[in-house]
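Comments concern the structure below.
The values are calculated or read from the model by the stated rules, or taken from the named source; none is laboratory data. None of the values given here were measured: they were computed from a predicted structure. Quick reminder, even Gly has a Cβ in these numbers, built from the backbone with ideal geometry, and neighbours come from all protein chains shown. Ligands, DNA and RNA are excluded from the accessible area calculation, which covers all protein heavy atoms including side chains. Shrake-Rupley method; radii C 1.70, N 1.55, O 1.52, S 1.80 Å.
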Amino acid sequence: MVLYHDKEWGVPVHDDRLIFEFLSLEAAQAGLSWHTVLKKKENYRRAFENFEPGKVAKFNQTKIEKLLEDPGIIRNRLKIESTVNNALRFLEVQKEFGSFSKYIWGFVGNKPRINTIRRLADYPAVSPESDALSKDLKKRGFKFMGSTICYAHMQATGLVNDHSLDCFRRKEIMAL
């Protein structure tokens with residue numbers, strides 16, 4: 001978890017494939033700890049074709065059944081099926097906006113939102129932006145995209161900088 005925090009969490013992401021990976025892993029995390037998903041990340045990359053949305057969108061029922069037998073990932077049918085569904089929806093958004101990055105960054109005015117986090121109690125679980133993103137994703141047919149999942153995604157991919165005021169990564173990420 002420390003390595004994830006120090007190297008990945010909160011770094012602004014504009015690469016569509018990586019955004020899809022984070023979205024998929026956040027959805028898989030629903031109801032579980034992030035640690036559970038993070039330790040399975042490499043297995044997920046293998047199982048879901050390195051999170052290439054075009055490849056995942058082509059998964060059929062046979063592939064889904066095979067994934068349900070894979071002990072390296074969370075074997076929840078609804079979550080696996082939602083990843084395939086979300087890949088299809090992701091491609092639709094890419095087509096409409098030119099990139100998923102352009103779409104999602106629009107929810108924060110195309111620049112990271114900087115929060116003032118002093119203590120654990122200051123961390124929000126949702127925001128007006130995550131509410132709006134969740135509502136729009138659901139309208140577009142995405143699954144497992146509640147506001148809390150969207151907020152966690154926004155934190156992870158740097159749309160929101162929630163590193164605390166005393167965290168060394170806060171200024172490093174703001175300088176990017």
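Here are some notes:
- Helices (runs of 4 or more DSSP H) contained in region 48-104 and holding at least 1 residues closer than 25 Å to Pro12 by Cα: 53-56, 77-97
- For region 13-29, filtered to residues that are in a helix (DSSP H, G or I) and charged (D, E, K, R), the residue that is most open to solvent (accessible area, probe 1.4 Å) is Arg17.
- Verdict on His5 being in contact (Cβ under 8 Å) with a residue 40 or more places away in the chain, surrounded by fewer than 16 Cβ atoms within 10 Å (Cβ to Cβ), of a type outside the set (Ser, Thr, Tyr) and part of a helix (DSSP H, G or I): yes
- Filter pass, Gly10 being open to solvent by less than 10 Å² (accessible area, probe 1.4 Å) and either part of a loop (DSSP other than H, G, I, E, B) or in contact with a strand residue (DSSP E or B) (Cβ under 7 Å, 6 or more places away or on another chain) (or both): yes
- When region 125-137 is filtered for residues that are outside any helix (DSSP H, G or I), open to solvent by 40 Å² or more (accessible area, probe 1.4 Å) and in contact with a strand residue (DSSP E or B) (Cβ under 9 Å, 6 or more places away or on another chain), nothing remains.
- When residues of region 30-53 are limited to those that are touching a residue at least 40 places away in the same chain (Cβ under 8 Å) and surrounded by fewer than 20 Cβ atoms within 10 Å (Cβ to Cβ), the one nearest to Asn161 (Cα to Cα): Trp34
- Picking from residues in region 138-165 that are more than 12 Å from the chain's Cα centre (by Cα) and either at pLDDT below 95 or β-branched (Val, Ile, Thr) (or both), the one that is most open to solvent (accessible area, probe 1.4 Å) is Leu165.
- Residue check, Phe59 without any contact (Cβ under 8 Å) to a residue 60 or more places away in the chain, farther than 20 Å from Tyr123 by Cα and open to solvent by less than 10 Å² (accessible area, probe 1.4 Å): no
- Boolean, Ile74 is open to solvent by less than 20 Å² (accessible area, probe 1.4 Å), under 21 Å from Leu38 (Cβ atoms) and modelled with pLDDT of 95 or more: no
- Residues being touching a residue at least 60 places away in the same chain (Cβ under 8 Å) and either touching a His at 6+ places or on another chain (Cβ under 6 Å) or aliphatic (A, V, I, L, M) (or both) - total across region 97-120: 3
- Given (1) surrounded by fewer than 15 Cβ atoms within 10 Å (Cβ to Cβ); (2) not in a loop (DSSP other than H, G, I, E, B), number of the condition Thr116 does not satisfy: (2)
- Selection status of Ala87, open to solvent by less than 30 Å² (accessible area, probe 1.4 Å) and farther than 30 Å from Ser164 by Cα: yes
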